[in-house]
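Data block below; observations after.
The values are calculated or read from the model by the stated rules, or taken from the named source; none is laboratory data. These figures come from a predicted structure and were not determined experimentally. No Cβ is skipped: glycine too gets one built from the backbone with ideal geometry, and neighbour counts run over all protein chains shown. Protein only, heavy atoms only, side chains kept; ligands, DNA and RNA dropped before computing areas. Shrake-Rupley method; radii C 1.70, N 1.55, O 1.52, S 1.80 Å.
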Amino acid sequence: MKTANLALALLLAAEVLSARAAEVEVRTFSGLCDASATVSLDFGFFAVADDEDNVLRVYHAQAGAMPVQTIDMSSFLRVDPREPEADIEGGARMGQKVFWITSHGRNPDGKERASRQRFFATSILATNGTSSLAPLGRPYDLLLKDLCADPRLRGFNLGTAATRAPKVRGALNIEGLAATADGRLWIGFRNPIPEGQALIVPLLNPEEIVTGGTARLGDPVLLPLGGKGIRSLAEWRGGFLIVAGAFDGGGPSQLYRWEGGTGKPGLLNQPRYGRLNPEALAEIPGVGENDLLIVSDDGNVMIGKKPCKRLKDPLQKRFRVAVMPGQAVTASPR
């Protein structure tokens with residue numbers, strides 16, 4: 001009996017510690033609402049993309065709520081001035097470069113928009129304790145054609161998927177991007193979800209295609225994420241973290257750890273971030289174990305009488321970030 005009581009006490013204690021570890025600090029930053037991708041830079045800075053305005057903004061994780069750099073990528077991306085929204089959805093750091101990817105899907109009404117078909121890069125400029133970004137190379141606008149034409153992806157019917165509105169079942173919508181140690185990128189799809197599994201496709205030569213080369217793709221991987229697609233994909237301590245979400249935006253998101261390759265992702269203890277809408281992840285170097293930033297898409301959060309995304313004044317716009325201690329990123333008990 002004493003042994004059973006001790007085991008029960010240890011189990012309860014472990015559950016309490018796990019709950020406390022999953023608690024996060026929420027910070028608010030200004031200048032945008034529709035945070036869609038984030039990447040860690042140097043000296044505690046991080047960059048955030050907004051899928052509504054083609055602008056990259058750089059913030060410091062602790063030193064203030066306003067961006068220290070705002071760079072409009074519209075001209076560099078050569079977007080259609082009549083339909084300029086590029087819909088930037090993913091970012092991944094590789095050395096002193098950051099690669100970014102747009103959704104490559106149609107607009108919410110199912111209309112084709114060439115501006116949404118971009119893969120591009122920026123360089124990280126780190127001087128005097130600050131970090132900033134600058135456009136690098138030239139944008140690549142043939143990735144959708146490459147994906148649809150690759151024989152290894154033929155069974156996913158991406159050509160047909162690309163004709164549907166992004167939140168329709170079986171449509172095409174890219175939202176994840178993460179770098180590997182050997183210089184490749186994983187491209188994560190929120191939609192389609194073939195056979196109830198999330199689709200990831202390796203891009204083998206990201207450095208080449210932003211300098212005039214043609215994309216080379218690898219063998220696709222399907223991941224069991226409880227019937228969800230990929231909202232965000234980020235490097236984390238030799239593996240990857242995944243924010244999994246429904247293709248149509250319904251229901252809660254979940255956090256997984258994936259070691260790469262054909263390994264099965266593991267569900268993590270879910271952070272207690274309340275009403276946040278997790279959209280992107282980034283590792284921020286800190287003291288001791290690095291912290292994890294979980295960025296919220298707050299476009300539909302009401303500010304006064306309007307959704308945040310409808311505000312005209314950028315100084316009124318804001319988004320939230322949950323700061324999760326690195327040691328709290330642990331596997332859920334089975």
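Filter the strands (runs of 3 or more DSSP E) completely within the stretch 207-292 down to those with at least 1 residues that are under 17 Å from the mean Cα position of the chain (by Cα) and within 24 Å of A35 (Cα to Cα).
Qualifying strands (runs of 3 or more DSSP E): 229-236, 239-245, 254-258, 278-284.
With the condition being modelled with pLDDT of 95 or more and surrounded by fewer than 17 Cβ atoms within 10 Å (Cβ to Cβ), I'd like the strands (runs of 3 or more DSSP E) fully within the stretch 47-139 carrying at least 2 qualifying residues.
69-72, 119-127
Step by step: first the residues of the stretch 287-300, then only those that are open to solvent by 10 Å² or more (accessible area, probe 1.4 Å) and in contact with an Asp or Glu (Cβ under 6 Å, 6 or more places away or on another chain), then the one that is modelled with the highest pLDDT. Which residue is that?
D297
Sort through I209, I242, I284 and tell me the only one that's within 19 Å of W100 (Cβ to Cβ), at pLDDT below 95, open to solvent by less than 40 Å² (accessible area, probe 1.4 Å) and not acidic (D, E).
Matching residue, one of I209, I242, I284: I284.
Looking only at the stretch 306-334, how many residues end up being open to solvent by less than 50 Å² (accessible area, probe 1.4 Å), in a loop (DSSP other than H, G, I, E, B) and modelled with pLDDT under 90?
Result for the stretch 306-334: 3.
I'd like to check something: does the stretch 37-49 contain any residue that is under 19 Å from the mean Cα position of the chain (by Cα), closer than 30 Å to T160 by Cβ and of a type in the set (A, V, I, L, M, F, W, C)?
Within the stretch 37-49, one or more residues are under 19 Å from the mean Cα position of the chain (by Cα), closer than 30 Å to T160 by Cβ and of a type in the set (A, V, I, L, M, F, W, C).
Checking D146 against (1) open to solvent by 60 Å² or more (accessible area, probe 1.4 Å); (2) in contact (Cβ under 8 Å) with a residue 12 or more places away in the chain, which test does it fail?
(1)
Given the criteria modelled with pLDDT of 90 or more and within 26 Å of S131 (Cβ to Cβ), does I303 qualify?
no
So, R154, is that one over 18 Å from V55 (Cβ atoms), free of Cβ contacts under 8 Å to residues at least 12 places away in the same chain and open to solvent by 40 Å² or more (accessible area, probe 1.4 Å) or not?
yes
Among the residues in the stretch 254-262, are any free of Cβ contacts under 8 Å to residues at least 24 places away in the same chain, touching a Leu at 6+ places or on another chain (Cβ under 8 Å) and open to solvent by 20 Å² or more (accessible area, probe 1.4 Å)?
No - not one qualifying residue is present in the stretch 254-262.
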